[in-house]
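J.: Dropping the structure in here first, questions after.
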Amino acid sequence: MLFTKMHGISNDYVYVNGFKESVANPSDVAVKVSDRHTGIGSDGLVLILPSDSCDFRMRMFNSDGSEAEMCGNASRCVGKYVYDNGLTHKTCVSLETKAGVKVLNLHLGPDGKVNTVTVDMGEPVLTPRLVPVVSNLPQVVGLPIRVLGTDYRFTAVSMGNPHAVVFLDESVENFPLEKVGPSFENHELFPHRTNTEFVNVIDRQTLRMRVWERGAGETMACGTGACATAVAAILNGLSERKVTVRLNGGDLLIEWDEVSNHVFMTGGATTVFSGSIDV
């Protein structure tokens, strides 16, 4: 199988050109290629495929083999891949995902290749049953939750996949994410499990976030998580509508537009290397 490894602010995936390659068992392949000791090493597998309704279609699989609805960092890398490899000459590309259609605006660098990408992530979903999260409230904003004997408050947002955003008083740098993250992910309030963002508010334009991703554990970055974090900060009155979210792998610029109600994410996309692997 021919592949290209790419990352969006260190959220790395193995990308496969589905116009040329056929992957019969992508869940199993995702587990194999993601292994950082015996495989390529990644947070998962992304297939770039033809679409009947859009320019391209994306399927993405976590490192545990589960298929996810959407990945913001991966969508930016798909935009870079299709342009840099000549699959399109358009700098505005529509992408079909399991979370709906996303529009990618590609920004070229001086070398004529894609440097950064702005993704129209659409409207955030706040209705609990659609996130999904178990609640009778119209929105879940600052709801108490008890995890491993400690009380937290979380805000539930879907950006195509479920997120629970937790604002911390203590420093997120020393927070025991590897211990607390799995218990949030599998908490009974989240019927489809959840991604969880643990956040410090630096100021009204800057948020610091670490993420425990459903099916992947802690990753260096999460694009949908950064979007959910910005939305949650605004709902809780903690930030302006345009913020920089600082993740382990780098920064993302997130804007929740008041007129369209859409969330826009801008960040980098990087090609690491290409090769082939026996799957």
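J.: Of all the strands (runs of 3 or more DSSP E) wholly in the stretch 41-144, which have at least 3 residues that are surrounded by fewer than 20 Cβ atoms within 10 Å (Cβ to Cβ) and in contact (Cβ under 8 Å) with a residue 60 or more places away in the chain?
T.: On the way: elements: 44-49, 56-62, 92-97, 100-108, 114-120.
Here the list reads 114-120.
J.: If I ask for residues that are out of contact with any strand residue (DSSP E or B) (no Cβ under 6 Å at 6 or more places or on another chain), basic (Lys, Arg) and either closer than 23 Å to residue 245 by Cβ or crowded, with 22+ Cβ neighbours inside 10 Å (or both), which ones from the stretch 145-194 would you list?
T.: Matches in the stretch 145-194: 193 only.
J.: Inspect all residues belonging to the stretch 165-176 and state whether any of them is within 19 Å of the chain's Cα centre (by Cα), in contact (Cβ under 8 Å) with a residue 60 or more places away in the chain and assigned to a strand (DSSP E or B).
T.: Scanning the stretch 165-176, I find at least one residue that is within 19 Å of the chain's Cα centre (by Cα), in contact (Cβ under 8 Å) with a residue 60 or more places away in the chain and assigned to a strand (DSSP E or B), so the answer is yes.
A quick yes/no check of all residues on (1) outside the structural domain of residue 7 (by TED's automatic domain parsing); (2) within 26 Å of residue 183 (Cα to Cα); (3) assigned to a loop (DSSP other than H, G, I, E, B); (4) out of contact with any Lys or Arg (no Cβ under 8 Å at 6 or more places or on another chain):
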site	(1), (2), (3), (4)
212	yes, yes, no, yes
218	yes, yes, no, no
221	yes, yes, yes, yes
224	yes, yes, no, yes
228	yes, yes, no, yes
232	yes, yes, no, yes
240	yes, no, yes, no
252	yes, no, no, yes
272	no, no, no, no
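The values are calculated or read from the model by the stated rules, or taken from the named source; none is laboratory data. This is a predicted model, so every value here is computed, not measured. As a convention, Cβ positions derive from the backbone with ideal geometry for all residues, glycine included, and neighbour counts pool all protein chains shown.
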